[in-house]
Amino acid sequence: MAKKLSKTEARKRIEKLRKEIQHHDYLYYVLNKPEISDAAYDSLKRELIELEEQFPEFITPDSPTQRVGGAPLEKFEKVKHRIPMLTLQDAMDEKELLDWQGRIKKLMTPSEIEKLDYFAELKMDGLATSLIYKNGMLFRAATRGDGFTGEDITQNVRTIKCIPLKLRLEELPKKYKIPKEIEIRGEIYMSKKAFLELNKEQKKKGQGTFANPRNAAAGSARQLNPEVTAVRKLGFSGYQLVTNLGQKTHQESHQLIRLLGIPENPFNRYCRNLGEVIKLHQRISKERDKLPYEIDGIVIDVNNDNLYKKLGIVGRTPRGGIAYKFPGIEATTKVKEIIVQVGRTGKLTPVAILKPIKLGGVTISRATLHNADEIERLGVKIGDTVIIQRAGDVIPEVIRVLPSLRTGKEKRFRMPPKCPFCGTKIIREPGEVDYYCQNKKCFAAIKRYFYHFVSKKAFDIEHLGPKIIDQLLDEGLIKSPADIFLLEKGDLIPLERFAEKSAKNLIVAIQSRKEITLAKFIYALGIRNVGEETSQDVAEYFGSLEGLKNASLEDLQEIADIGPVVAKSINLWFRQKRNLKFLGKLEKSGVKIITQKKTKFQPFKGKTFILTGALETMTRDEAKAKIRLLGGKISELVSRRTDFVIVGKEPGSKYEIAKKLGIKIVKEKEFLEMLK
């Protein structure tokens, strides 16, 4: 349970959060050079909102929660908005969406509640812009700016082909009135394709590239030279008809926007209730990667215009609308403690214990800090506010510290001089970044080794999880992984949580995994510095366990992609008597290594693949197996030698690096075609 802040602590935290958010507002809205992701920014702002709700006496007029964005640049003429361009409250999950509906229903009559419906539209990631037409002709275009005052970008907007210079007033049915001035608001955006082309062109010219399509759109629309804007291939999507032409619903406004000749998103939908909104959100979330432009959620408006106005405004947000965001892959939270874990090889890994936060639909309470050098590089202290990242099924990690939010009570972390589990002095080999416990009998390392041995990428023994392994070790039933294959049903039945059926199921699962490929077997041995791909390379090179056992250090260094450190680790493992004795025990327990045959058809031979994000049709391990079967190699690091990057849902930083390097990006559908 989180510690409740005192008034003094709350005031200090609020002040620091305001200063930090204002700094990022300036970078984002004024300079178009954000340093953190939208998801991380949203996380900071949500913390500030929550604190101001708990301590309303500390709310000030200059708080970021009381205004929309930063002040406009001085380079353009300032334009005052007749009606402020407000921002929307965010909902991060279904509960927050239902809570919003519950709040607005309290302000409605029973008949209004009965007729309550919604209009949902895609939340485009671009530059919010106001278009004013006088007598049907484009008169002025202005950015949102701080919500009250924006920048005049009319000359630039005139070059955007999808924005009409003249409205199609003649298309309006006669029942609508046509005032002298009509204001339409929408989003200037850049497609993913245009974004990649622009960055490619920027590289050729030796100029800086843009971080994302949103930055590219904003930077392109706010050029002093309209000719630059003209070649940037910008799009526009209308989302609000500000002027009253006689429309009664938000849905009707969108129909009029389209009739007037302004583009609006074809995925926008009328929804009879919140259930339909949630279904739309789920569908769009699945199709999001396939869209030609970036979105970060769905905007939901109360459909009836009169009811929307009646609900009013709280602070700077209208009560009748909300942005239902997609789960972010980055967020901010606090480091409560830093602990050390001991891995299967005795390696010590520092782990940040976090104030729990939802990220990518999952509650995260810890994140890896990798090693002591990484802590030093990041400058992480206990008590710091940090940005954490989680992409696909990747372990959450701390990627940045926000030092300006420090209170002075933060504590520096130091690696312990001794193993926190067995008390043995820890060592760090010259040239290595990691610390190790020297004790070969360290219980923490032994347990981790057992977990690794039976894991999915190794022997893959079903029903044999960490709790059961701990139980078997505590009872003295196993002392080495080879003992697992000698277990009998009678050994298990007396144990707590075991009955006849569960004991039988585990024994059947163990016996079914006695046959294993050489690559998986090498990986299961847990040799230091030897991961999944190295195991695969070694298995392919030697072809048998006997060949590997008899290999010299020079033989191992002949394998492509294996350097002297890895070769030394493998050679040393097979020179130690206790390890050879262990191999003999595995053989006696019935473990057999099977030859993995490759297909004669090897279209991926000589090609290197990277996988990032979650695939829908198969697991990442299944995808790797298919690539290897067809002759391809898997890598974890993106480089210019990478041939293909397979991208699933919520891809990580590898995707961005691949785009910058111009490496072939392959979506899941295209990957399936390649496999055929």
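No value in this document is a laboratory result; all are computed from the given coordinates. What you see is a predicted model, and the numbers here were worked out from it, not measured in a lab. Because the Cβ atoms are built from the backbone with ideal geometry, glycine has one as well, and the counts that use them run over all protein chains shown.
Amide H contacts under 5 Å for Arg366: Leu354, restricted to partners 5 or more places along the chain or on a different chain, H placed in the peptide plane at 1.01 Å from N. Max-minus-min Cα coordinates of the chain on each principal axis give 92, 61, 51 Å, with the largest extent listed first. Scattering from the range 443-594 was approximated by placing one identical point on each alpha carbon and applying the Debye formula without solvent; log10 I(q)/I(0) at 0.15 1/Å stands at -0.78. The trypsin sites (Lys or Arg not before Pro) found in the range 199-252 that occupy coil by DSSP, while having at most 15 further C-beta atoms within 10 Å, are Lys205, Lys248.
Computed over the Cα atoms of the range 608-675, pair by distinct pair, the Kirkwood hydrodynamic radius stands at 11.8 angstrom. Here each label is just a point 7 Å from Cα along the line to Cβ, and for Lys12 and Ser653 those points are 3.1 nm apart. Fully extending the segment from Glu429 to Ser455 would add 6.6 nm, taking 0.36 nm per residue of separation and subtracting the current Cα-Cα distance. Per the Debye calculation on the range 7-66 with a single equal scatterer at every Cα and no solvent contribution, log₁₀ I(q)/I(0) for q = 0.25 Å⁻¹ amounts to -1.02. In the range 147-296, the inverse of the mean reciprocal separation of distinct Cα atoms equals 17.5 Å; this is its Kirkwood hydrodynamic radius. Extension gain, Gln282-Ile353: 0.36 nm per intervening residue step, less the Cα-Cα distance, totals 22.4 nm. Annotation: peptides 113-124, 403-414, 460-471, 434-445, ranked by per-residue average of other Cβ atoms within 10 Å with the highest first, follow the order 113-124, 434-445, 460-471, 403-414. Here the extension length gained between Leu486 and Leu165 equals 107.5 nm, from 0.36 nm per residue of separation less the Cα-Cα distance.
Comparing the range 505-557 with the 2.2 N^0.38 Å rule of thumb, its C-alpha radius of gyration ratio is 1.31 (two decimals). In percent, what relative contact order does the chain have, based on Cα pairs under 8 Å that are 6 or more apart in sequence? Contact order relative to length: 10 percent. Averaging 1/r across all pairs of distinct Cα atoms in the range 371-515 and inverting the result yields a Kirkwood radius of 18.8 Å.
Kirkwood Rh and Cα-based Rg: tell me the resulting Rg over Rh for the range 330-427, rounded to two decimals.
0.98
Measuring how big the range 531-645 is from its alpha-carbon positions, Rg and Dmax come out at 16.2, 46 Å.
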